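Remarks on the structure that follows.
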Amino acid sequence: MGVLERVRIFKFWKMGESIKERLIEKLLFLLSLSSILIVFFIIVFMLKEGLPAFALGGEFFFGMTWHPATNQFGILILVLCTFIVGIGALVLATIIGIPTAVFLAEFSPEWLRNIIKPCVEMLVGIPSVVIGFFGLMVLVIFIRDTFGGWGESILAGWIILAIMTLPHVISISEDAIRAVPKAYKEASLALGATHLQTVTRVILPNARSGILASLILGMGNAVGETMAVLMVIGNPEIPFIPESVLEPVRVLTSTIVIEAAYMIWGSTHQHALIALGVVLFVIVALLNAITTVMIRKGMVK
Amino acid sequence: MTGNKKITEKLVMIGMYVAAFITVAALFTVVGYVYVKGIGAISLDFLLDYPYRLEFGGIFPQIVGTIYLAAVCLLFAVPLGVASAIYLSEYAPDNMITGTVRFFVECLAGIPSIVIGLFGLIFLVHYLGLGISLLSGGLTLGFMILPWTIRASEEAIKAVPGSYREASLALGASKWQTIRNVVLKNAYPGIISGILLGCGKAIGDTAIVLFTAGSGLEWFLPMAITDPVGSLTVYTYILATQAHTEAGILRAFGASLVLLTMFFMVTVTALYLRNRYVRRMSGW
């Protein structure tokens, strides 16, 4: 690389007189700063608008009652409910997603992989409102008729969110499994282990951090997902800790969308909703940061 | 003992087949159900008429609105995204500034779309006074897909072999000439594929559009960029949650069908371009 680098530098130095070249580089550099600018603006404006709600202090962060009509803005209840829905969905996505990833990476015949893989890629992008609508029309009615209750329930939220996190879990886990050095696998096979034994004893333990990363990323997606989950979980007016999976529930994202429709601009309610957005942002950012660190650690190893 | 092991192995294999099958089935069930239910709503009137209250008329303004929003979004995100990608992959020295840019691109990609929607509402709609409009909605969607455009373009640019650049530079072309005539010329299918994937995301987004672009029931086409605009996603959402008649629900299915069809056209083109492109590049 050294020689090539030097050739490039020499080239660049030779072009040094050309003002146009320099201008283009500067212009591209300025344009590439746009992402920083947008993130910066998002943080500043969200914090500024959320501040009056954060100023409520403990009442805001640890309050268990969210009831805008009586000016009670305790978000802990919403955060708890968000995690109840997110973790359940993640468990479902793990049960289906990890075996699918192992299958795609290790066992699937080529032709079957060529069918499954595009399906997984499609599933990532299906508009969430369509999945939510399907959930509302099919899943909710099915749950109501089979198990009773309103139908709009935690269970429906789990299933719909699991469908939406599944593709993320599958593609990252599959990459992690494929990244395990071939030599490990061959050594295990040479020792007389079966393919399945090799997968469970050698490949999966080595892909551990990548798989875990995919789950945490899936969690981030589940927590930030809005429309699909909003349409199937019922959103009771006053959120409460549910006692069964058939009860309706309310999460951070659905609260923002539903109440933004009637909030009064400039009221504490509006500030509290934007503060909810900030809390959501922080939770998702933390989960993403953990994922990034884990994937990097896995690659170094 | 060995017999038991064999049975366990068989069971685990069956389990994996079942899991993979469920994944594929989930996609086909959702899509199939929407198509079967929605096809009854589709007629020329439905596609070309203006909506009237919840249950009557067609979805013409919603279809056009979705296309307008995607267009504004791409007009914003594509130049910025491609420029950033060119800078990051061709010019950027390996220093702190570049590292920071990359970090923030990742940050932006990780922000949930509803938070970006709230930001659009605070900043564009209220602070800058653009109002609930096509412009606010398109720009906010642009914020969302910008990092994806950057990533995809960067990948496409990086896939162009270094020898191409060296050949061009050796022929005396300047750096910018090389980028424009050699790198971009070879990377453009990959870049377009990335742009189309971003476009698919923009078409399918609901929360952002709901906050910044309009209520979804608009019975008119936007006359100016500062007018509110309807979209298929918000229309589907409103009807799905607020219509209580058969006709209303049918309309929601029809709108979902049109939305899914647009999404598939964009995404399939993107995946096709990407596969063809990847094959060509690795063929060298």
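Which of the residues belonging to the range A:43-78 are under 16 Å from residue A:282 (Cβ atoms), touching a residue at least 40 places away in the same chain (Cβ under 8 Å) and aliphatic (A, V, I, L, M)?
A:46, A:47, A:51, A:53, A:75, A:78, listed by residue number.
Can you pull out the residues in the range A:222-264 that are open to solvent by 10 Å² or more (accessible area, probe 1.4 Å), of a type in the set (D, E, K, R) and either part of a helix (DSSP H, G or I) or within 13 Å of another protein chain (Cβ to nearest Cβ) (or both)?
Result: A:225, single match.
Could you tell me how many of the residues in the range B:49-59 are open to solvent by 30 Å² or more (accessible area, probe 1.4 Å), in contact (Cβ under 8 Å) with a residue 24 or more places away in the chain and either touching a Cys at 6+ places or on another chain (Cβ under 7 Å) or not in a strand (DSSP E or B) (or both)?
Residues in the range B:49-59 being open to solvent by 30 Å² or more (accessible area, probe 1.4 Å), in contact (Cβ under 8 Å) with a residue 24 or more places away in the chain and either touching a Cys at 6+ places or on another chain (Cβ under 7 Å) or not in a strand (DSSP E or B) (or both): 3 in total.
Restricting to the range B:90-116, give me the number of residues that are facing another protein chain (nearest Cβ under 7 Å) and part of a loop (DSSP other than H, G, I, E, B).
Qualifying residue count for the region: 2.
Taking only the range B:234-248 into account, find how many residues are in a helix (DSSP H, G or I) and closer than 19 Å to residue A:233 by Cα.
Matching residues across the range B:234-248 total 8.
Filter the range A:133-177 down to the residues that are in a loop (DSSP other than H, G, I, E, B) and either more than 27 Å from residue B:249 (Cβ to Cβ) or open to solvent by less than 10 Å² (accessible area, probe 1.4 Å) (or both) and list them by number.
Scanning the range A:133-177 gives A:151, A:153.
Tell me, yes or no, whether the range B:75-84 has at least one residue that is at pLDDT 90 or above, crowded, with 22+ Cβ neighbours inside 10 Å, within 7 Å of chain A (Cβ to nearest Cβ) and within 30 Å of residue A:100 (Cβ to Cβ).
Within the range B:75-84 (the criterion being at pLDDT 90 or above, crowded, with 22+ Cβ neighbours inside 10 Å, within 7 Å of chain A (Cβ to nearest Cβ) and within 30 Å of residue A:100 (Cβ to Cβ)), the answer is no, since none of the residues qualifies.
Which fully enclosed helices (runs of 4 or more DSSP H) of the range B:129-212 have 3 or more residues being buried (at least 24 other Cβ atoms within 10 Å of the Cβ) and in contact with a strand residue (DSSP E or B) (Cβ under 6 Å, 6 or more places away or on another chain)?
Of the helices (runs of 4 or more DSSP H) lying wholly inside the range B:129-212, none has at least 3 residues that are buried (at least 24 other Cβ atoms within 10 Å of the Cβ) and in contact with a strand residue (DSSP E or B) (Cβ under 6 Å, 6 or more places away or on another chain).
When the range A:209-221 is examined, which residues are found to be open to solvent by less than 10 Å² (accessible area, probe 1.4 Å) and of a type in the set (A, V, I, L, M, F, W, C)?
If we filter the range A:209-221 for residues that are open to solvent by less than 10 Å² (accessible area, probe 1.4 Å), which is where we start, we get A:213-214, A:218, A:220.
The one that is open to solvent by less than 10 Å² (accessible area, probe 1.4 Å) and of a type in the set (A, V, I, L, M, F, W, C): A:213.
Residues checked against (1) of a type in the set (Lys, Arg); (2) within 11 Å of chain B (Cβ to nearest Cβ); (3) surrounded by fewer than 21 Cβ atoms within 10 Å (Cβ to Cβ):
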| position | (1), (2), (3) |
| --- | --- |
| A:62 | no, no, yes |
| A:75 | no, no, no |
| A:87 | no, no, yes |
| A:98 | no, yes, no |
| A:112 | no, yes, yes |
| A:120 | no, yes, no |
| A:127 | no, yes, no |
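Residue check: is residue A:291 assigned by TED's automatic domain parsing to the domain that holds residue A:62 and either aromatic (Phe, Trp, Tyr) or open to solvent by 20 Å² or more (accessible area, probe 1.4 Å) (or both)?
Against the criterion (assigned by TED's automatic domain parsing to the domain that holds residue A:62 and either aromatic (Phe, Trp, Tyr) or open to solvent by 20 Å² or more (accessible area, probe 1.4 Å) (or both)), residue A:291 does not qualify.
Does the range A:94-114 hold any residues that are under 14 Å from residue B:26 (Cα atoms) and not hydroxyl-bearing (Ser, Thr, Tyr), and which are they?
A:96, A:97
Being more than 10 Å from every other protein chain (Cβ to nearest Cβ) and either under 26 Å from residue A:141 (Cβ atoms) or not in a helix (DSSP H, G or I) (or both) is the requirement here; does residue A:295 meet it?
no
Taking the conditions exactly as written (facing chain B (nearest Cβ under 9 Å), modelled with pLDDT of 90 or more and in a helix (DSSP H, G or I)), does residue A:25 satisfy them or not?
So residue A:25 fails the test.
For residue B:267, indicate whether it is over 11 Å from residue B:62 (Cβ atoms), without any contact (Cβ under 8 Å) to a residue 40 or more places away in the chain and crowded, with 19+ Cβ neighbours inside 10 Å.
The answer is no for residue B:267.
In this structure, is residue A:39 touching a strand residue (DSSP E or B) at 6+ places or on another chain (Cβ under 7 Å) and open to solvent by less than 10 Å² (accessible area, probe 1.4 Å)?
Judged against the criteria, residue A:39 is not a match.
From the set of residues in the range B:1-47 that are among the charged types (D, E, K, R) and facing another protein chain (nearest Cβ under 9 Å), which is surrounded by the fewest Cβ atoms within 10 Å (Cβ to Cβ)?
Here the answer is B:5.
Please go through the range A:265-281 and give me each residue that is of a type in the set (A, V, I, L, M, F, W, C) and either surrounded by fewer than 23 Cβ atoms within 10 Å (Cβ to Cβ) or part of a loop (DSSP other than H, G, I, E, B) (or both), ordered by number.
Within the range A:265-281, A:265, A:278, A:279 qualify.
Here are some residues: A:212, A:217. Which one is under 25 Å from the mean Cα position of the chain (by Cα), closer than 30 Å to residue B:28 by Cα, more than 12 Å from chain B (Cβ to nearest Cβ) and not charged (D, E, K, R)? Explain how you work it out, then say what you get.
Numbers: A:217 fails: more than 12 Å from chain B (Cβ to nearest Cβ).
Within the list A:212, A:217, the selection yields A:212.
Please name all residue pairs, on different chains or six or more residues apart, with Cβ atoms under 6 Å, provided the first residue is in the range A:196-207 and is within 13 Å of chain B (Cβ to nearest Cβ) and the second residue is of a type in the set (Lys, Arg).
A:198/A:185
The values are calculated or read from the model by the stated rules, or taken from the named source; none is laboratory data. This structure is a prediction, so every number in the text was calculated from the model and none was measured. Cβ atoms come from the backbone with ideal geometry, glycine included; neighbour counts cover every protein chain shown. Surface accessibility is based on the protein's heavy atoms, side chains included, excluding ligands, DNA and RNA. Shrake-Rupley method; radii C 1.70, N 1.55, O 1.52, S 1.80 Å.
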